[in-house]
Amino acid sequence: MDKGDVTPLAPGLYVVATPIGNLSDITFRAIEVLQQVDVIACEDTRHTRKLLDHYGLSKPTVSYHEHNEADRAQELLARLTRGERIAVVSDAGTPGISDPGYRVIRAAIGAGVAVFAVPGPAAFVAALAASGLPSDAFAFRGFLPARRGERRSALEAIADSELTEIFYEAPHRLLEALEDIVTTLGAERPVAIARELTKIHEQFFRGPASQVLEQVRARAATKGEIVLLIGKGVRVPAGTAGLSTRFAELAAQGLDEKAAIKQLAKEAGLSRDEVFRELQRRRSR
Ligand code: SAM
């Protein structure tokens, strides 16, 4: 693009998405904006410097992260109200998406400062797009809770979801998270794991939860950045032979009777009593 084509930037706050791995994943407009702003507010100035150096951009940077977000938002706001042009970037992807950015964006809007979106990568969108799971209706829920009890509650809360549910997960917790998915949502629940998107070791695991669990378990260790996607449940029609077959499958996976009935009730959209009675009826035939 000819340099003469670049429109001068209006004063305001620019929310600029940056690559999630591959440095080529940045838009022409993002580069133009970063070239022209007065200062770039970065989550980690050293990290962003590598991106700026890669594109030959020399710009002042200030740090803007989780721990100084509240104070820094006020300083940035003071500069914005004087008519400066400021870009906010995070270490990877879109600022504000499981990353700092929200406070300064809110403060700017509250003060009547113009806020502009400069869209680009977000790991959850890239993961969803290539996952093969339905993308017509989805929910992005940020990081899954680190503690097992809270994680199971979070998973139970989406048991009946009709959406593709998307989470960020740390690599060292992936195995535990998959075990919890099998236990709380069932072995057949469709799952996709997107690992190291846009990087050399990009990899997807797709399939029923128990299969994906086995694939991940077979690896020595799963490293790198992870997006975990869970498709909607497969309902077992009530009153069909499927109920006892599914019960036998769950028992073979090691679930005791109580856990298997709970799981079946969830999958079939029945109460636990209804499942219990139906199984009894079949056994007494
Ligand atoms: N702002 C980022 C975005 O727009 O996606 C997310 C930042 S959040 C602190 C970091 C998490 O995003 C990682 O732990 C991982 O779950 C996910 N993530 C970031 N880059 C990724 C990649 N290249 N592949 C897979 N997941 C990624």
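Take the residues of the range 16-42 that are more than 12 Å from the ligand (Cβ to nearest atom) and under 18 Å from GLU69 (Cβ atoms): which is surrounded by the fewest Cβ atoms within 10 Å (Cβ to Cβ)?
Restricting to residues being more than 12 Å from the ligand (Cβ to nearest atom) and under 18 Å from GLU69 (Cβ atoms), the top hit is VAL39.
Of THR94, THR45, which residue is more than 16 Å from the ligand (Cβ to nearest atom) and closer than 24 Å to TYR168 by Cα?
The unique qualifying residue is THR45.
Out of (1) within 16 Å of the ligand (Cβ to nearest atom); (2) closer than 22 Å to THR7 by Cβ, the odd one out for ARG141 is which?
Every condition holds for ARG141 apart from (2).
Scan the range 139-151 residue by residue and report those that are crowded, with 19+ Cβ neighbours inside 10 Å and closer than 25 Å to LEU270 by Cα.
Matches in the range 139-151: ARG151 only.
Looking for something in contact (Cβ under 8 Å) with a residue 24 or more places away in the chain, within 15 Å of the ligand (Cβ to nearest atom) and surrounded by 22 or more Cβ atoms within 10 Å (Cβ to Cβ) - is there at least one such residue anywhere in the range 65-81?
no
Filtering the range 217-233 down to residues that are at pLDDT 95 or above and aliphatic (A, V, I, L, M), which residue is farthest from the ligand (Cβ to nearest atom)?
Out of the qualifying residues, it is ILE230.
Pull up the range 116-138, narrow it to residues that are within 13 Å of the ligand (Cβ to nearest atom) and in contact with a Ser or Thr (Cβ under 6 Å, 6 or more places away or on another chain), then point me to the one that is nearest to ILE31 (Cα to Cα).
It comes out as GLY120.
Here's the yes/no breakdown for (1) more than 21 Å from ALA126 (Cβ to Cβ); (2) without any contact (Cβ under 8 Å) to a residue 40 or more places away in the chain; (3) exposed (fewer than 15 other Cβ atoms within 10 Å of the Cβ):
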{"position": "PHE167", "(1), (2), (3)": "no, no, no"}
{"position": "GLU196", "(1), (2), (3)": "no, no, no"}
{"position": "ILE200", "(1), (2), (3)": "no, yes, yes"}
{"position": "THR222", "(1), (2), (3)": "no, no, no"}
{"position": "ILE226", "(1), (2), (3)": "no, no, no"}
{"position": "SER244", "(1), (2), (3)": "yes, yes, no"}
{"position": "LEU255", "(1), (2), (3)": "yes, no, no"}
{"position": "LYS258", "(1), (2), (3)": "yes, yes, yes"}
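Say whether the condition of being among the hydrophobic types (A, V, I, L, M, F, W, C) and more than 30 Å from ILE200 (Cβ to Cβ) is met by at least one residue in the range 28-36.
Taking every residue of the range 28-36 in turn, none turns out to be among the hydrophobic types (A, V, I, L, M, F, W, C) and more than 30 Å from ILE200 (Cβ to Cβ).
Which of the strands (runs of 3 or more DSSP E) contained wholly in the range 114-183 include at least 2 residues that are of a type in the set (Ser, Thr, Tyr) and touching an Asp or Glu at 6+ places or on another chain (Cβ under 9 Å)?
Hits in the range 114-183: 164-169.
So which of VAL113, VAL104 is hydrophobic (A, V, I, L, M, F, W, C), within 16 Å of the ligand (Cβ to nearest atom) and buried (at least 19 other Cβ atoms within 10 Å of the Cβ)?
Numbers: VAL113 fails: within 16 Å of the ligand (Cβ to nearest atom).
Going through VAL113, VAL104 in turn, just one is hydrophobic (A, V, I, L, M, F, W, C), within 16 Å of the ligand (Cβ to nearest atom) and buried (at least 19 other Cβ atoms within 10 Å of the Cβ): VAL104.
Residues of the range 127-136 being open to solvent by 40 Å² or more (accessible area, probe 1.4 Å) and at negative phi, which ones? I'd like the intermediate steps shown before the answer.
Taking the range 127-136 and keeping what is open to solvent by 40 Å² or more (accessible area, probe 1.4 Å), we get 129-130, 132, 134-136.
The answer is ALA129, ALA130, PRO134, SER135, ASP136.
The values are calculated or read from the model by the stated rules, or taken from the named source; none is laboratory data. Quick caveat: nothing in here was measured; it's all calculated off a predicted structure. Note that we place each Cβ from the backbone using ideal geometry, even for glycine, and neighbour counts take in every protein chain shown. Please note that ligands, DNA and RNA were not included when accessible areas were found on the heavy atoms of the full protein model with its side chains. Shrake-Rupley method; radii C 1.70, N 1.55, O 1.52, S 1.80 Å.
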